[in-house]
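As C-alpha cells, the structure follows; a few thoughts come after it.
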Amino acid sequence: MSIRPDETKTTSSRVPTQRATEPATVPDFVAEPTIAGKSLAILRFATGFVFLWAFLDKLFGFGYATPGKGAWINGGSPTKGFLSSVHVGPFESMFHSWAGTWWADTLFMLGLAGVGIAVIAGIGLRLSAIAGGLMMLMMWAAEWPFALSTSTGEATHSTNPVIDYHIIYALVLIVLAAAAAGNTWGLGRRWAALVGDRKWLR
C-alpha cells in the first residue's frame with residue numbers, strides 16, 4: 001500500500017518531538033570558583049586587611065605603628081607624624097602644611113576604612129582602586145624615592161627610584177577591580193546587580 005505525500009506529512013506531524021534536556025541554571029553567586037578566582041580572592045582579603053588594620057591601629061593605638069596615647073580616639077593625629085617628617089621631594093612644604101589638620105586626618109582615616117572594608121567585602125572595587133591608588137600615590141610622593149638624600153643631608157636609603165610598595169599596592173587595587181575579584185568569596189555579583197548600569201560603582 002502506498003502512502004500519499006499528504007499522509008506522510010500528517011503522520012509525521014503527529015509524532016511527538018522530544019525536547020532536549022535543558023541544564024539547570026546555577027546562580028552566578030554560587031557558581032564554583034576557579035583557581036584564579038580563589039587566588040585573587042585571597043589577594044583581595046590580604047590587601048583589604050592592610051588598609052583596615054592601618055585604620056584600626058591609628059584609631060585605637062594598638063602599640064604597633066601607633067602608641068596608645070597617639071590613637072585618634074585619644075586626640076592623636078593620624079597624619080601629623082608621617083607628614084611632618086617628610087624631608088624630601090618637591091612637595092615637602094605642602095605636606096608639612098597638611099600635617100595634623102582635621103580635614104587631612106578625617107579624609108585619611110575615611111580612606112583607610114572605606115578601602116579596607118570595600119576590598120574585603122568585594123564591593124566598590126573600582127572606587128576603591130581610585131581612592132586607594134590616590135592615597136598610595138600621595139604617600140609615594142611624600143617619600144619621593146627618586147632622591148638620594150633628604151633636605152637635611154641624610155641618605156634616604158631608597159631601594160628603588162621608581163617602584164616601591166605604595167606603587168605595588170596601587171597596582172594590586174587596579175588589578176582586583178579589573179578582574180572583578182569580588183565575585184569569588186565576596187559580594188561582588190550581588191553588588192553589581194544592586195548598582196545596575198552604574199558600572200563606576202562596581
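Find the relative contact order for the range 65-111 and round it to a whole percent, using C-alpha pairs within less than 8 Å whose residues are 6+ positions apart.
So the answer I get is 34 percent.
Return the inverse of the average 1/r over all pairs of distinct C-alpha atoms in the range 34-201, which is the Kirkwood hydrodynamic radius, in Å to one decimal.
17.1 Å
Residue separation times 0.36 nm, minus the C-alpha to C-alpha distance between PHE91 and ALA65: what's the value?
Between PHE91 and ALA65, full extension yields an extra 7.0 nm.
For the range 34-201, what is the relative contact order in percent, using Cα pairs closer than 8 Å and at least 6 residues apart in sequence?
Dividing the mean separation by the residue count of the range 34-201 yields 26 percent.
Using amide H atoms built 1.01 Å from N in the peptide plane, name the residues 5+ places from SER149, or on other chains, whose amide H lies under 5 Å from its own.
Amide H to amide H, under 5 Å and 5 or more residues apart or across chains, SER149 pairs with THR156.
If I take the Cα coordinates of the range 42-105 and project them onto the principal axes, what are the three extents in Å, biggest first?
Principal extents (largest minus smallest coordinate, Cα): 38, 29, 20 Å.
Every number in this text was worked out from the coordinates using simple rules, so none of it is lab data. For clarity, every value in this text was computed on a predicted model and none was experimentally measured.
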